[in-house]
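Reviewing the structure listed below.
Derivation of every value follows stated rules applied to the coordinates shown; laboratory data play no part. Since this is a predicted model, take the numbers as computed values, not measurements. Note that we place each Cβ from the backbone using ideal geometry, even for glycine, and neighbour counts take in every protein chain shown.
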Amino acid sequence: MTDMQLLLKIGVPLAATVILAIALFKVLRGYFSKNNHARLIKKISKRAIRNVIIPDAVEGSSFIDWVILTPKGILVLNIKSYRGMIFASENIHQWTQVVNKRSYTFKNPLPQLELDVVTIKSFIPGAPVKGYVVFDYDSVFPKGKPAKVTTINEIKQNIQLFSEGEISEELNEYWNKLKETLKQNEKEGYSNSHRIENSV
């Protein structure tokens, strides 16, 4: 057997194994990340809905990761799994991610968040609704971040700011109305939020 044949015999299966291991790592990382998010959300409130699709007058439909009832109002969270250094500003169209000295750009998520918040408010006029773009555990912002951007770690460290207090009857009424609207949207093919209560 020649050196080339030996290299092919060993190298090809080894390369395939490495590729498979990387793919499996990415899948498992995403799975555990989502489970960690769910556990964190449960500490904020047991009344949460995830994977919500709502009508969007601009693009047809919009996906929201979490809608949560808290003592301070309705909370809309869009999760972004970008690691590394994030360079972001409210007024620029493209944000930058730097990982291992390589940079990548992605669309500023704040306009979509604002549209999602406005849409949820339209379902429950008068309700206090706030939204945040939430970056994953290993994201850092060396140049600072916009006001409506936070990280999972910051939420963990300030969990009481979201969860403390009692949910008022008025907020309960808003929440029930929102659930009914989302159920109606689901019938119309927009919302796939099957587990309306305690989805965490």
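By how many nm would the segment from Phe106 to Ala38 grow when fully extended, if each residue of separation counts as 0.36 nm and the alpha-carbon distance is taken off?
22.0 nm
What are the ³J(HN,Hα) couplings of segment 164-179, residue after residue, when phi is run through the Karplus curve with 6.51, -1.76, 1.60 and θ = phi - 60°? Round to Hz, x for glycine and proline.
6, x, 9, 7, 6, 4, 4, 5, 4, 5, 4, 4, 5, 5, 5, 4
Kindly write out, for segment 80-94 in residue order, the coupling ³J(HN,Hα) from the Karplus curve 6.51 cos²θ - 1.76 cosθ + 1.60 (θ = phi - 60°), rounded to whole Hz, with x marking Gly and Pro.
Karplus-based 3J(HN,Hα) across segment 80-94 equals 10, 8, 10, 9, x, 8, 10, 10, 9, 8, 4, 9, 10, 6, 10 Hz.
Between Lys183 and Asn91, what is the FRET efficiency for a Förster distance of 30 Å, r being their Cβ-Cβ separation, to the nearest 0.05?
E(calc), rounded to 0.05, equals 0.20.
For a quick check of your reading of the filter: which trypsin sites (Lys or Arg not before Pro) in segment 134-172 sit in a DSSP loop and have no more than 14 other Cβ atoms within 10 Å?
Passing both the DSSP loop test and the Cβ count: Lys143.
Once you put a point 7 Å from the Cα of Asp56 and another 7 Å from the Cα of Gln160, both along the Cβ direction, what distance in nm separates them?
Simple spin-label model gives 3.7 nm for this pair.
In segment 80-191, how does Rg compare with the Kirkwood Rh, expressed as the Rg/Rh ratio over alpha carbon atoms?
Here Rg/Rh amounts to 1.05.
Provide the FRET efficiency to the nearest 0.05 for the Phe63-Ala147 pair, computing r from the beta carbons and using R0 = 35 Å.
0.95
Exceeding 30 Å between C-alpha atoms, which entries from my cross-link table qualify? They are Lys43/Lys101; Lys42/Lys148; Lys43/Lys145; Lys107/Lys156; Lys143/Lys179.
Violating the 30 Å limit, Cα to Cα: Lys43/Lys101; Lys143/Lys179.
Please work out the ratio of the alpha-carbon Rg of segment 63-146 to 2.2 N^0.38 Å and round it to two decimals.
Normalised by 2.2 N^0.38 Å, the Cα Rg of segment 63-146 equals 1.20.
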